[in-house]
Amino acid sequence: MDATQRRGRRIMMTDGELDAFLAGQRTCRVATVSADGRPHVGALWFAWDGTALWLYSITRSRRWSDLRKDPRVSVVVDAGEEYGELRGAELSGSVEFVGEAPRTGEPNPELEAPERLFAAKNFGLESMPHDGRHAWLKLVPESIVTWDFSKI
């Protein structure tokens, strides 16, 4: 992790634990800032490649519009029902728009790996189906905060 987690060192995930956690989860919550300054939070599927969080967003969404004006984002991935099972990560930074929008499947070497990961994880497919409505956002986190209450 690039950023140092100051609070909760006792319950923070190691890099390996974070990679395994993000690889195993499907849904995240993405927080953006709207033009009027209000926060907007919505759920998305994602893929984690060990360095970046890849978000596949509808290009005609409020989230997409917000990020075009202000690319800053905070993303939470969490799991657990009982207190001792709670674990998660908050990844923050600025997104980068990658590939054509909307995505139609034009060859793009940067998208080969994330699309393969995303298709396998979320659709059980070897290649990405493109619907002409979604496009890619890449978040290389500037800060990561994690928690795993099973360590308490």
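The values are calculated or read from the model by the stated rules, or taken from the named source; none is laboratory data. For clarity, every value in this text was computed on a predicted model and none was experimentally measured. Don't worry about glycine lacking a Cβ; one is built from the backbone with ideal geometry, like all the others, and counts go over all protein chains shown. Protein only, heavy atoms only, side chains kept; ligands, DNA and RNA dropped before computing areas. Shrake-Rupley method; radii C 1.70, N 1.55, O 1.52, S 1.80 Å.
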Discussion item. Being within 11 Å of the chain's Cα centre (by Cα), over 17 Å from Lys121 (Cα atoms) and modelled with pLDDT of 95 or more: is that true of Val73 here?
Written reply: yes
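Working carefully through the options Asp66, Asp36, find the one that is among the acidic types (Asp, Glu) and either modelled with pLDDT under 95 or touching a Phe, Trp or Tyr at 6+ places or on another chain (Cβ under 7 Å) (or both).
It is Asp36.
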Discussion item. If the requirement is being aliphatic (A, V, I, L, M), assigned to a helix (DSSP H, G or I) and surrounded by 15 or more Cβ atoms within 10 Å (Cβ to Cβ), which of these qualifies: Leu67, Leu55, Leu91?
Written reply: Leu67
Worksheet entry | Unmet criterion (only one of (1) over 16 Å from the mean Cα position of the chain (by Cα); (2) surrounded by fewer than 16 Cβ atoms within 10 Å (Cβ to Cβ)) for Ala79 | (1)
Discussion item. Filter region 7-31 down to the residues that are among the aliphatic types (A, V, I, L, M) and either open to solvent by 70 Å² or more (accessible area, probe 1.4 Å) or outside any helix (DSSP H, G or I) (or both) and list them by number.
Written reply: Met12, Met13, Val30, Ala31
Response to the item:
Only one of Phe149, Phe46 is modelled with pLDDT of 95 or more, within 15 Å of Leu18 (Cα to Cα) and surrounded by 15 or more Cβ atoms within 10 Å (Cβ to Cβ), namely Phe46
Fill in: Filtered residues of region 98-152 (kept if of a type in the set (Asp, Glu) and in a loop (DSSP other than H, G, I, E, B))
Glu100, Glu106, Glu126, Asp131, Glu142
Item to complete: Identify the residue in region 135-146 that is aliphatic (A, V, I, L, M) and in contact with a helix residue (DSSP H, G or I) (Cβ under 8 Å, 6 or more places away or on another chain) and, among all such residues, is surrounded by the most Cβ atoms within 10 Å (Cβ to Cβ).
Response: Leu137
Worksheet item: So which pairs qualify, if the first residue must be in region 118-134 and surrounded by 12 or more Cβ atoms within 10 Å (Cβ to Cβ) and at pLDDT 95 or above, the second must be of a type in the set (S, T, N, Q) and not in a helix (DSSP H, G or I), the Cβ gap must be under 6 Å, and the two must be at least 6 apart or on different chains?
Response: Ala119/Ser127
Practice prompt. Return the total of residues in region 94-117 being more than 16 Å from Ala47 (Cα to Cα) and open to solvent by 60 Å² or more (accessible area, probe 1.4 Å).
Written response: 4
Worksheet entry | Condition met for Ser34 (under 26 Å from Gly132 (Cα atoms), open to solvent by less than 30 Å² (accessible area, probe 1.4 Å) and polar (S, T, N, Q)) | yes
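Touching a residue at least 60 places away in the same chain (Cβ under 8 Å) and over 14 Å from the mean Cα position of the chain (by Cα) - does that describe any residue in region 96-109?
Within region 96-109, not a single residue is touching a residue at least 60 places away in the same chain (Cβ under 8 Å) and over 14 Å from the mean Cα position of the chain (by Cα).
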